[in-house]
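**Q** Here it is, the structure, as structure tokens.
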Amino acid sequence: MCGIIGIVSEKQVLDRLIDGLERLEYRGYDSSGVAVIAREEIFHSKSTGKLNSLKNKLKHNLFDGCVGIGHTRWATHGEPTEINAHPHLTRNVAVVHNGIIENFAEFKNELLERGTRFNSQTDTEVIAKLVEEKISKEKCQPLEAVRLTIERLRGSFALCFIFRGLEDLLIATRKGSPLALGFGDKENFVSSDAASLSLFSKKICYLEEGDVVALTKDKVNIFDTSGKIVNRDIQILNSDPVNLNKGKFKHFMEKEIFEQPQVISQVLGFYLNASKETLSLPTLPEATEFKRIILIGCGTAFYSCLVAKYWFEKLCGLPTHAELASEFRYRSPVVNKDDLLVFVSQSGETADTIGALKYAREYSKNILAIINVEQSSMARLATWVFPTKAGPEIGVASTKAFVSQLIILKILNIKFASDLSTISKEQRSNLLIGLLELPRLYAEILSKNQNIRKLCKKFTRSNSVLYLGRDILYPIALEGALKLKEISYLHAEGYASGELKHGPIALIDKSMPVVALNPSTQVFEKTLSNLEEVKARKGKIILFTDEKGKELSKDLTKSIFQLPNCSDFLVPILYTLPLQLIAYYTALEKGTDVDQPRNLAKSVTVE
């Protein structure tokens, strides 16, 4: 969500703070700001809206310095206004903050009683005021002031401070929110995201829970919760800085949709030896050691878990549950030591998913993470890590990362079915060969994208859209509706087709578009009957099916998009693509901010 960048150097830092913030834009934000120490004073600038607004303001400012902090804010406490934007300042302190301070109201009341005045509605300003009191009234040194303050805070935070008069000191700390350090020559860096650090340094380390770090241009001292100086493992980043070039595409989301044939090939190449039809996976126990699978994620990642639930139960016969990470730990779920818990996240920093993972670790050591960021918090907490190999995903609405998650879950499904002998060698071979067809099938659909674009005009004249799918396509209906909501701001709901008559059918009239997913599988006729009910009530059906399904549905609707024939197990992966295109082209028709839709963030690091 929010993004932090901090630099302490022998050179001036303002331009590079802005460069770092540009690499954090993809996370989603509604305001931004910077602060530097120059001529022993704190100078700052803040702006709402896009980073260009801040850059324009800075054209008229002449300040710069050798230590500074920057921030992109996603509003939690207080509206997205310039006053609520970070950094927050007192006479001696400037601070930026990711996370939520749960007990801020308690401290704010204390400070108000002591005569402190507040300018913003944020929880973060309380932190600045508390540290200021320690420095100005209790005469604490900055490091001690920060440590005494964070001892009292409840919630999650990544914090970065600079101090008036100190042009070679930056202090940072974390609890619950990620924070990484980058090491340079006569300069050091701190950021909430390796994506921005990779611009300045390949040599990084991640702070552990409760760490406090004091950085100068020449030295980095990390203190653990007991105040002892410690070392943290240093890693070398292999990735290049985030590519902010859209190429020939108008938006990153469009680019990432069209990258999917290549991405699928990359994922399959990493996990599958096509010539030998063998899998190359992290070392896992045999599936016979697991009595149950629990799949956990949020949002789009949760829908990949729902798809995999069908796969694991149908192909492996293993009891499988799909759980919302945001609900999982709060209902005290029963987790057994022989359960396999699979956590799915694009960023690997999703706060709800990390909280669920930490809960599960108390009961089972069988923790598997499927993530797109291999240096993330979830990667460090999991027993086994399956990287999705999707590459950086800049668009807030996940596309290629979701498809990569599905493919890895399917590969895991095939591996477990082999372990349990619930499929024959011939079936296993056919399943693996089928996966290799996906890049070609995706390319075939993308070549007809303009036909899908024509359908989207139906949506812009509507206030609501229904998505219907039965069996394993029910989760894809949910995902399709979510994508439309996320970037076009149209109300949309996904339903299991059989549930139509249990309530949603009341919404059907001549103005209601209904997107139906109905390939010619074993449940084709059941869904066809549901769609006849929609037709009888004059609903506008937009049908996605295969060649046989199109022939059998020709009297149902004129809006039929024929998808390539494929095996049943590929259906959810294949039928995801046209729904991504619907969401994108509808948003394009409506003129919304496709890559950074309002109120949303790429990496949700608060609960």
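The values are calculated or read from the model by the stated rules, or taken from the named source; none is laboratory data. Remember, it's a predicted structure, so these values are computed and weren't measured experimentally. Glycine also receives a Cβ, built like all others from the backbone with ideal geometry; neighbour counts cover every protein chain displayed. The area values use the complete protein model at the heavy-atom level, side chains included, leaving out ligands, DNA and RNA. Shrake-Rupley method; radii C 1.70, N 1.55, O 1.52, S 1.80 Å.
**Q** List, please: which pairs have Cβ atoms under 6 Å, are six or more places apart or on different chains, and start with a residue in region 73-96 that is on the phi > 0 side of the Ramachandran plot and end with one that is open to solvent by 20 Å² or more (accessible area, probe 1.4 Å) and assigned to a loop (DSSP other than H, G, I, E, B)?
**A** GLY78/GLN121
**Q** Could you please let me know if LYS458 is open to solvent by 10 Å² or more (accessible area, probe 1.4 Å), farther than 24 Å from PHE312 by Cβ and not polar (S, T, N, Q)? It would help to see each step written out before you state the result.
**A** On the way: open to solvent by 10 Å² or more (accessible area, probe 1.4 Å): yes; farther than 24 Å from PHE312 by Cβ: yes; not polar (S, T, N, Q): yes.
Yes.
**Q** Within region 51-72, which residues are in contact (Cβ under 8 Å) with a residue 40 or more places away in the chain and outside any strand (DSSP E or B)? If you could, list the steps in order and put the result at the bottom.
**A** Of region 51-72, the ones in contact (Cβ under 8 Å) with a residue 40 or more places away in the chain are 58, 63-72.
Across region 51-72, the qualifying residues are LEU58, PHE63, ASP64, GLY65, CYS66.
**Q** Looking only at region 380-390, decide whether some residue is of a type in the set (Ser, Thr, Tyr), in contact (Cβ under 8 Å) with a residue 24 or more places away in the chain and surrounded by fewer than 24 Cβ atoms within 10 Å (Cβ to Cβ).
**A** First pass over region 380-390, keeping only residues of a type in the set (Ser, Thr, Tyr): 383, 388.
Those left that are additionally in contact (Cβ under 8 Å) with a residue 24 or more places away in the chain: 388.
With the extra rule that they be surrounded by fewer than 24 Cβ atoms within 10 Å (Cβ to Cβ), the set shrinks to none.
Scanning region 380-390 turns up no residue that is of a type in the set (Ser, Thr, Tyr), in contact (Cβ under 8 Å) with a residue 24 or more places away in the chain and surrounded by fewer than 24 Cβ atoms within 10 Å (Cβ to Cβ).
**Q** In addition: Could you figure out which of (1) touching a Lys or Arg at 6+ places or on another chain (Cβ under 8 Å); (2) open to solvent by 10 Å² or more (accessible area, probe 1.4 Å); (3) in a strand (DSSP E or B) isn't true of ILE100?
**A** Status for ILE100: all satisfied but (1).
**Q** Now, a different point. Suppose the filter is out of contact with any helix residue (DSSP H, G or I) (no Cβ under 7 Å at 6 or more places or on another chain) and more than 30 Å from LYS139 (Cβ to Cβ); does GLY65 pass it?
**A** Working: out of contact with any helix residue (DSSP H, G or I) (no Cβ under 7 Å at 6 or more places or on another chain): yes; more than 30 Å from LYS139 (Cβ to Cβ): no.
Answer is no for this residue.
**Q** Another question, then. Spot the failing condition for VAL594; the list is (1) surrounded by fewer than 22 Cβ atoms within 10 Å (Cβ to Cβ); (2) in contact (Cβ under 8 Å) with a residue 60 or more places away in the chain; (3) β-branched (Val, Ile, Thr), and only one is missed.
**A** (1)
**Q** Sort out which residues of region 334-363 are among the small types (Gly, Ala, Ser) and either at pLDDT below 90 or within 20 Å of the chain's Cα centre (by Cα) (or both), and write them in order of number.
**A** Once the filter is applied, which keeps residues that are among the small types (Gly, Ala, Ser) and either at pLDDT below 90 or within 20 Å of the chain's Cα centre (by Cα) (or both), region 334-363 yields SER345, SER347, GLY348, ALA351, GLY355, ALA356.
**Q** In addition: So PHE43 passes all but one of these: (1) free of Cβ contacts under 8 Å to residues at least 40 places away in the same chain; (2) under 19 Å from ASN599 (Cβ atoms); (3) surrounded by 19 or more Cβ atoms within 10 Å (Cβ to Cβ). Which condition number does it fail?
**A** Answer for PHE43: the failing condition is (2).
**Q** Within region 194-214, how many residues turn out to be touching a Phe, Trp or Tyr at 6+ places or on another chain (Cβ under 8 Å) and closer than 16 Å to PHE161 by Cα?
**A** 4
**Q** State whether one or more residues within region 311-324 are in contact (Cβ under 8 Å) with a residue 40 or more places away in the chain and within 18 Å of the chain's Cα centre (by Cα).
**A** no
**Q** Considering each of SER304, SER332, SER275, SER265 in turn, give the residue that is among the small types (Gly, Ala, Ser), touching a helix residue (DSSP H, G or I) at 6+ places or on another chain (Cβ under 6 Å) and open to solvent by 10 Å² or more (accessible area, probe 1.4 Å).
**A** On the way: SER304 fails: open to solvent by 10 Å² or more (accessible area, probe 1.4 Å); SER332 fails: touching a helix residue (DSSP H, G or I) at 6+ places or on another chain (Cβ under 6 Å); SER275 fails: touching a helix residue (DSSP H, G or I) at 6+ places or on another chain (Cβ under 6 Å).
Result: SER265 is the single residue among SER304, SER332, SER275, SER265 that is among the small types (Gly, Ala, Ser), touching a helix residue (DSSP H, G or I) at 6+ places or on another chain (Cβ under 6 Å) and open to solvent by 10 Å² or more (accessible area, probe 1.4 Å).
**Q** So which pairs qualify, if the first residue must be in region 196-214 and at positive phi, the second must be open to solvent by 10 Å² or more (accessible area, probe 1.4 Å) and part of a strand (DSSP E or B), the Cβ gap must be under 6 Å, and the two must be at least 6 apart or on different chains?
**A** Going by the 6 Å Cβ cut-off, the qualifying pairs are GLY210/LYS175.
**Q** Now a separate question. Pick from GLU125, GLU208: which is surrounded by fewer than 20 Cβ atoms within 10 Å (Cβ to Cβ), outside any strand (DSSP E or B) and of a type outside the set (Phe, Trp, Tyr)?
**A** GLU208
**Q** Starting from residues that are closer than 25 Å to PRO597 by Cα and of a type in the set (A, V, I, L, M), keep the ones in region 46-99 and report whichever is nearest to the chain's Cα centre (by Cα). First the steps, then the outcome.
**A** Our first condition is that a residue be closer than 25 Å to PRO597 by Cα; within region 46-99, this holds for 46-57, 70-87, 96-99.
Still in the running and of a type in the set (A, V, I, L, M): 51, 54, 75, 83, 85, 96.
Values: LEU51: 21, LEU54: 25, ALA75: 17, ILE83: 27, ALA85: 22, VAL96: 21 Å.
Checking each candidate, the answer is ALA75.
**Q** Filter region 364-376 for residues that are of a type outside the set (A, V, I, L, M) and open to solvent by less than 10 Å² (accessible area, probe 1.4 Å); which is modelled with the highest pLDDT?
**A** Just the residues of region 364-376 that are of a type outside the set (A, V, I, L, M), to begin with: 364-366, 372, 374-376.
Next cut, open to solvent by less than 10 Å² (accessible area, probe 1.4 Å) only: 364, 376.
Numbers: SER364: 94, SER376: 82.
Step by step, filter region 364-376, then rank; the result is SER364.
The rows are residues; the columns are (1) assigned to a helix (DSSP H, G or I); (2) farther than 23 Å from PRO392 by Cα; (3) modelled with pLDDT of 95 or more; (4) among the hydroxyl-bearing types (Ser, Thr, Tyr).
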| residue | (1), (2), (3), (4) |
| --- | --- |
| ILE411 | yes, no, yes, no |
| GLN427 | yes, yes, no, no |
| LEU432 | yes, yes, no, no |
| LYS454 | yes, yes, no, no |
| LEU473 | yes, yes, yes, no |
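**Q** Would you mind stating whether TYR310 is under 26 Å from GLU437 (Cα atoms) and touching a Pro at 6+ places or on another chain (Cβ under 7 Å)? Before the answer, list the steps.
**A** Working: under 26 Å from GLU437 (Cα atoms): yes; touching a Pro at 6+ places or on another chain (Cβ under 7 Å): no.
It is false that TYR310 is under 26 Å from GLU437 (Cα atoms) and touching a Pro at 6+ places or on another chain (Cβ under 7 Å).
**Q** How many residues are touching a residue at least 40 places away in the same chain (Cβ under 8 Å), open to solvent by 10 Å² or more (accessible area, probe 1.4 Å) and farther than 12 Å from GLU277 by Cβ when one looks only at region 401-442?
**A** 8
**Q** To continue, here is another question. Of the residues GLY469, GLY395, which is within 30 Å of LYS501 (Cβ to Cβ), surrounded by 16 or more Cβ atoms within 10 Å (Cβ to Cβ), in contact (Cβ under 8 Å) with a residue 12 or more places away in the chain and among the small types (Gly, Ala, Ser)?
**A** GLY469 is the lone residue from the list that is within 30 Å of LYS501 (Cβ to Cβ), surrounded by 16 or more Cβ atoms within 10 Å (Cβ to Cβ), in contact (Cβ under 8 Å) with a residue 12 or more places away in the chain and among the small types (Gly, Ala, Ser).
**Q** Tell me which residues, restricted to region 541-585, are of a type in the set (S, T, N, Q) and in contact (Cβ under 8 Å) with a residue 40 or more places away in the chain. Quick ask: steps written out before the conclusion?
**A** To start, the set of residues in region 541-585 that are of a type in the set (S, T, N, Q) comprises 545, 553, 557, 559, 562, 565, 567, 576, 580.
Listed by number, the residues that qualify are SER559, SER567, THR576, GLN580.
**Q** Would you please name the residue that is farthest from LEU357 (Cα to Cα), looking only at residues in region 271-303 that are of a type in the set (Ser, Thr, Tyr) and at pLDDT 90 or above? Break it down into steps so the answer makes sense when it comes.
**A** Narrowing region 271-303 to residues of a type in the set (Ser, Thr, Tyr): 271, 275, 278, 280, 283, 288, 300, 303.
Still in the running and at pLDDT 90 or above: 271, 288, 300, 303.
Values: TYR271: 24, THR288: 23, THR300: 18, TYR303: 18 Å.
That would be TYR271.
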